[in-house]
1. Got a sec to turn the phi values of the range 156-169 into Karplus ³J(HN,Hα) couplings, 6.51 cos²θ - 1.76 cosθ + 1.60 with θ = phi - 60°, whole Hz, x for Gly and Pro?
2. Would you work out the charge dipole size for the chain about its Cα centre, treating the Cβ of every Lys and Arg as +1 and the Cβ of every Asp and Glu as -1, and quote it to the nearest 20 debye?
3. Please calculate how many Å² of accessible area the range 194-319 carries per residue, with a 1.4 Å probe and no DNA, RNA or ligand atoms counted.
4. Indicate, rounded to the nearest 5 percent, the antiparallel portion of the DSSP beta bridges found entirely in the chain.
5. By accessible area of protein heavy atoms, probe 1.4 Å, what ranking do MET327, MET117 get, highest first?
6. What does the charge count near GLN161 come to, summing +1 for each Lys or Arg and -1 for each Asp or Glu among other residues with Cβ under 9 Å from its Cβ?
7. Enumerate the amide H contacts of GLN161 below 5 Å, restricted to partners 5 or more residues apart or on another chain; note that Pro and chain-start residues carry no placed amide H.
8. Over the heavy atoms of ASP14, what accessible area does a 1.4 Å probe trace out, to the nearest 10 Å²?
Amino acid sequence: MSAPVLTELLTGLDDLSVWPASTAPLPDGHLSVGGVSLADVADRFDTPAYVLDEDEVRARCRTYRAAFPDADVLYAAKAFLSRAMVRWIDEEGLGLDVCSAGELELAVMAGFPAARMVLHGNAKSPRDIETALRLGVGRIVVDSPSEIARIAALVGPGGRQKVLVRVVPGVSAGGHEKIRTGTDGQKFGLSLTDGSAQHAIARVLGQSQLELTGLHCHIGSQIADVKPYLVAVRRMVGLMARIKESHGVTFPELDMGGGHGVAYRPGESTLDLTALARRLGGELSASCAAAGLPVPRLAIEPGRAIAAPAGVAVYRVLAVKPTGSTMFVAVDGGM
Ligand SMILES: Cc1ncc(COP(=O)(O)O)c(C=O)c1O
């Protein structure tokens, strides 16, 4: 899970703006989250420990549902997953984006309906695909040409699995080079620029075991600006229009992924969800109208924006070492 760490205590105790909303100082000098003392958590469960405020996770889910009433909101489980989290996400009416058989099985064991899940992964193992099919996952997202025939073969004659194709729309966005997944030269998705996406779509359409319900893109993470999403949605609609021309097919769904930025330090900007919902919806409708396409049902996949601000990772400080101009604080949660 991505979350502010205890080292923040050393610099930012007077500014709790990036901590869970319920964080409060206690008379003994420690902090509480959701009314629970973090020092007590450390004593009882040892460290490192992840502490999530259930109320805030649920409130964040509701904010998404309110901002995107006509879209499917799928929580990206890679941000943080546990049985309790699965239950909260289910009860708040969100779907789930999983990227391994392990995440999928955990969610199903915790009672989440597989039909409301989407399976991602740039290198799905046969076990990932078999598990997804056996448990009845709602959508599998095709991420490379080699998995098209593999999924179709595992579905078998007479079966039919809903799939999306993950497209790289050529939009660079995200808080760091390593988490910008909207352009070529990284391992996820199929390029719009070099024609791989179009080629894969044609192959999927040729497989009777696969029902292509729509396209997907995830342009990056820690995006604080709405504009890259607008460029991406225009390009995705442009591709949908070309597919309609060449194959006579229109898609009922469009999944625009996640990547909604959160603040890790006081003062950092976050993505404005209300603005995203209004402008993304507007751009989707306008682009579809201009292209003569029906407006597909929108899906989004926020992960970090639901889990990270609602939680903290609690560590014990093992050593503090001033070296030149840098102060190193070693904690019991890594090197
Ligand atoms: C396909 C996909 N969807 C959604 C997400 C969630 O991104 P974030 O946690 O930044 O919202 C990711 C993150 O890597 C992803 O790969």
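1. x, x, x, x, 8, 10, 6, 9, 10, 10, 7, 9, 9, x
2. Result for the chain is approximately 1120 debye, rounded to the nearest 20.
3. 39 Å²
4. Values: 15 of 43 bridges.
The answer is about 35 percent antiparallel.
5. Per-residue accessible area, sorted high to low, gives MET327, MET117.
6. On the way: positive: ARG139, ARG160, LYS162; negative: GLU211.
Within the 9 Å Cβ shell, the charges total +2.
7. Under 5 Å from the amide H of GLN161 lie the amide H atoms of LEU210, GLU211, each far enough along the sequence or on another chain.
8. 140 Å²
The values are calculated or read from the model by the stated rules, or taken from the named source; none is laboratory data. This one's a predicted model, so the numbers in the text were calculated from it and none came from an experiment. Note: ideal-geometry Cβ built from the backbone for every residue, glycine included; neighbour counts use all protein chains shown. When the accessible area is computed, the model is the full protein with side chains, heavy atoms only, and any ligands, DNA or RNA have been set aside. Shrake-Rupley method; radii C 1.70, N 1.55, O 1.52, S 1.80 Å.
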